[in-house]
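Structure first, commentary second.
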Amino acid sequence: MLDVFLWLFVIGAVCDQTGWKPKRHTVASSIGVTAAVLVAILAIPTSRPLIWQRGANATETLIGGEWLFLVLCLVSIPIAISTVHRSSGGWDRWLGDLSYPLYLFHWLPRDWYYRQVDWAQPAWWNGGLLLTNFAASVLGAVVLLHLIDRPAQRARAAWFKLRESRATTIRSSKAENPGL
């Protein structure tokens, strides 16, 4: 069975290819149902591991009977699709730029968190570890974005600009001297 995230990618691709844009009331309904499913996940004791489960992929979770994760993903699709064609400002662009470094870096604090979490400890202790995990993930991603990703993007843009400039110069000189 293919990983559920592949199916979600396919759904997103189909939405893009068909040009589907959910109406406002569909997005509002999706927000309400998504919130209800999140409350259900927290309220049903057997579904709580969806939040804390270490490294389980969604397929294993679903096979284990935790189908609420799939429901959560499906009911939130209109919310995700509604954001695709929305204009945004600098803050949103920065968050978008941060997403890939966050994906790359979050594995380190995540592994630290899973080594440290102890269910025999009080909830505030494990919650503090989780917040530390989140903070370290975001901080590491910001460092990657500003010290590696942004400079690499500037270098790439300069390289393309140089290539474009050289190509324009070559075209100009060939137009002026057709015999070259």
ask   = What helices (runs of 4 or more DSSP H) lie completely within the range 66-180 and have 2 or more residues being under 29 Å from V37 (Cβ atoms)?
value = 68-75, 77-82, 90-105, 107-116, 123-144
ask   = Just wondering, is there one or more residues in the range 46-62 that are farther than 30 Å from P151 by Cβ, modelled with pLDDT of 75 or more and surrounded by fewer than 16 Cβ atoms within 10 Å (Cβ to Cβ)?
value = no
note = Exactly one of G140, G96, G127 is touching a residue at least 12 places away in the same chain (Cβ under 8 Å) and open to solvent by less than 90 Å² (accessible area, probe 1.4 Å), and that residue is G140
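Residue by residue, here is whether (1) within 30 Å of R93 (Cβ to Cβ); (2) open to solvent by less than 80 Å² (accessible area, probe 1.4 Å) holds:
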| site | (1), (2) |
| --- | --- |
| Q116 | no, no |
| L131 | yes, no |
| A135 | yes, yes |
| L144 | yes, yes |
| I170 | no, no |
message = Could you check the range 1-40 and list, in sequence order, the residues that are assigned to a helix (DSSP H, G or I), over 20 Å from L68 (Cα atoms) and open to solvent by 70 Å² or more (accessible area, probe 1.4 Å)?
response = V14, D16, Q17, T18, R24, H25
ask   = Is it the case that the range 104-114 has a residue that's loosely packed, with under 10 Cβ neighbours inside 10 Å, at pLDDT below 90 and at negative phi?
value = no
request  = State which residue is farthest from the chain's Cα centre (by Cα) when the search covers only the range 139-180 and only residues that are among the polar types (S, T, N, Q) and over 30 Å from R110 (Cβ atoms).
outcome  = N177
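The values are calculated or read from the model by the stated rules, or taken from the named source; none is laboratory data. All of these numbers come straight from a predicted model, not from anything done at the bench. Here the Cβ is made from the backbone with ideal geometry for all residues, glycine too, and neighbour counts use every protein chain on show. Only protein heavy atoms, including side chains, enter the accessible area calculation; ligands, DNA and RNA are left aside. Shrake-Rupley method; radii C 1.70, N 1.55, O 1.52, S 1.80 Å.
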